[in-house]
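Scroll down for the structure; my scribbles are underneath it.
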Amino acid sequence: MEDRPTPLRVDIRSTDRPVVVVEAVGDIDAFSASTLRQPFRRLLEAGHRRFVIDLRRVDLLDTVVGIRAVARVWLTVAAQDGTLALAGASTVREAVRAAGLHHTLTVHDTVDEAVRACETT
């Protein structure tokens with residue numbers, strides 16, 4: 001039996017700080033990459049500039065398409081003078097490093113660490 005990808009769900013959470021947490025749950029692959037990117041345009045238009053993408057509940061982060069989707073979000077946010085940090089497991093850190101983006105995209109173990117990093121940049 002063929003394994004089917006887990007559909008990606010994106011939840012937006014505000015914090016008691018000026019940082020919006022975008023939690024991704026499921027798989028980030030060629031079929032779902034746009035689902036990850038979609039909320040950022042609306043959030044930027046609403047004036048938000050500091051973001052954390054919580055990838056801790058992502059089952060599959062495609063090392064090409066998934067990382068490219070995250071990088072495109074970063075480029076969109078950076079073009080609006082915003083900041084972006086990631087929260088994720090070691091597999092996320094490894095994927096970011098393998099893509100050569102570890103100097104640009106920081107991966108933190110917890111959402112709180114990522115939120116603090118967004119506040120200081």
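The values are calculated or read from the model by the stated rules, or taken from the named source; none is laboratory data. Keep in mind that this is a model prediction, so the values were computed, not measured. Every residue, glycine as well, gets a Cβ built from its backbone with ideal geometry; the counts of neighbours run over all protein chains shown. Just so you know, the surface numbers come from the protein's heavy atoms only, side chains and all, with ligands and any DNA or RNA stripped out. Shrake-Rupley method; radii C 1.70, N 1.55, O 1.52, S 1.80 Å.
A few notes on this one:
- Using alpha-carbon coordinates, inclination of helix 65-79 to the longest axis of the chain, degrees: 10
- Accessible solvent surface per residue of the chain, calculated while the other protein chains remain in place, 1.4 angstrom probe, Å²: 57
- Surface composition of the chain: carbon and sulfur atoms hold 48% of the protein heavy-atom accessible area at a 1.4 Å probe.
- Take the Cα of ARG13, step 7 Å toward its Cβ, do the same at HIS103, and the gap between the two points is 3.3 nm.
- Packing, as the average of other Cβ atoms within 10 Å across residues, places the peptides 34-41, 70-77 in the order 70-77, 34-41, highest first.
- In sequence order, calculated HN-Hα J values of the stretch 51-64 (Karplus, 6.51, -1.76, 1.60; Hz; x Gly/Pro): 9, 10, 9, 8, 9, 5, 10, 7, 7, 9, 10, 4, 5, 10
- For the chain: relative contact order, % (alpha-carbon pairs under 8 angstrom, 6 or more apart): 24
- Measuring max minus min along each principal axis, the C-alpha atoms of the chain give extents of 46, 27, 24 Å (largest first).
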